[in-house]
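Engineer: Below you will find the structure I want to go over with you.
Where a number appears in this text, it was derived from the coordinates with a stated rule and is not lab data. Because the structure is predicted, anything quoted here is derived from the model rather than measured. Virtual Cβ from ideal backbone geometry, glycine too; neighbours counted across all protein chains shown.
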Amino acid sequence: GPSASPTPATPSGGASEQEVRNQLVGVGINHGPCANVGDENCTNVAGLPENAIRGVVNLKKVCSCDVVITGGTESWGHASHGPGKPILDLRATASLNEFLTKSSANPADKTRVSLLAATYTFEAVNSNSNTTGVHWHVVFN
């Protein structure tokens, strides 16, 4: 039968994808934005709250490490993510690991660090049903 038209991935309300990307100075994003809900190999930051934008930019300034967003406000595939939620997944780069744990190696699954007004939880592959690669799951206060 006819396919339903896809749902646009960027919600109305909140800062647009481009506005947020423009504010993420020095912060990498692993993929371009998702056009439609359910898209894969894409990362959205539209609707990311101001405290999360400030928090991740500040992290980059303070740690001078590789900060790469691998999960943003795209809510499919990430149980706790979504527009309006101050939550990001960051690539577990050696320099970020070093900054958070004093070791460049990946820490044990579920290692938790509270720093710079955020809580970082390390998620190993298969840490939960949604985890596809090792990363730091970050909730900004």
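Engineer: If you place +1 on the Cβ of every Lys and Arg and -1 on the Cβ of every Asp and Glu, how big does the dipole about the Cα centre of the chain come out, in debye to the nearest 20?
Structural biologist: Magnitude of the dipole: close to 420 debye.
Engineer: Also, I was wondering about something else. Check residue 66: other-chain or 5+ apart residues with amide H under 5 Å from its amide H, H built from backbone geometry?
Structural biologist: 95, 96
Engineer: Which FRET efficiency, nearest 0.05, do residue 66 and residue 31 yield, Cβ-Cβ r, R0 22 Å?
Structural biologist: Calculated transfer efficiency: 0.85.
Engineer: How large is ³J(HN,Hα), in whole Hz, for each residue of segment 70-84 in order, when computed from phi with the Karplus curve 6.51 cos²θ - 1.76 cosθ + 1.60 and θ = phi - 60°, using x for Gly and Pro?
Structural biologist: With coefficients 6.51, -1.76 and 1.60, one gets 10, x, x, 8, 6, 8, 7, x, 10, 4, 9, 8, x, x, x Hz.
Engineer: List the aspartates and glutamates whose alpha-carbon lies under 14 Å from that of residue 102, not counting same-chain residues fewer than 8 positions away?
Structural biologist: Hits, sequence-local ones excluded: zero.
Engineer: If you filter segment 38-74 for GluC sites (Glu not before Pro), then keep DSSP loop positions with at most 12 other Cβ within 10 Å, what is left?
Structural biologist: Those that pass, being in a loop and sparsely packed, are 40.
Engineer: What is the antiparallel percent of DSSP beta bridges lying wholly in the chain, to the nearest 5?
Structural biologist: 90 percent
Engineer: Another question, then. Rounded to the nearest 0.05, what FRET efficiency do residue 98 and residue 50 give with R0 = 41 Å and r taken as the Cβ-Cβ distance? Could you check?
Structural biologist: Once rounded, the FRET efficiency stands at 0.90.
Engineer: Suppose R0 equals 30 Å; then what is the FRET efficiency for residue 105 and residue 23 from their Cβ-Cβ distance, rounded to the nearest 0.05?
Structural biologist: Efficiency at R0 = 30 Å is approximately 0.40.
Engineer: Under 5 Å between amide H atoms, partner at least 5 residues away or on a different chain: which partners does residue 115 have, H built in plane at 1.01 Å?
Structural biologist: It is 120, by chain and number.
Engineer: For the chain, what is the Kirkwood estimate of the hydrodynamic radius, computed as the reciprocal of the mean inverse distance between distinct Cα atoms, to one decimal in Å?
Structural biologist: By the Kirkwood definition, the hydrodynamic radius is 15.3 Å.
Engineer: Across the chain, where is the longest run that never hits trypsin sites (Lys or Arg not before Pro) in a DSSP loop with at most 16 other C-beta atoms within 10 Å?
Structural biologist: The reported range is 1-101.
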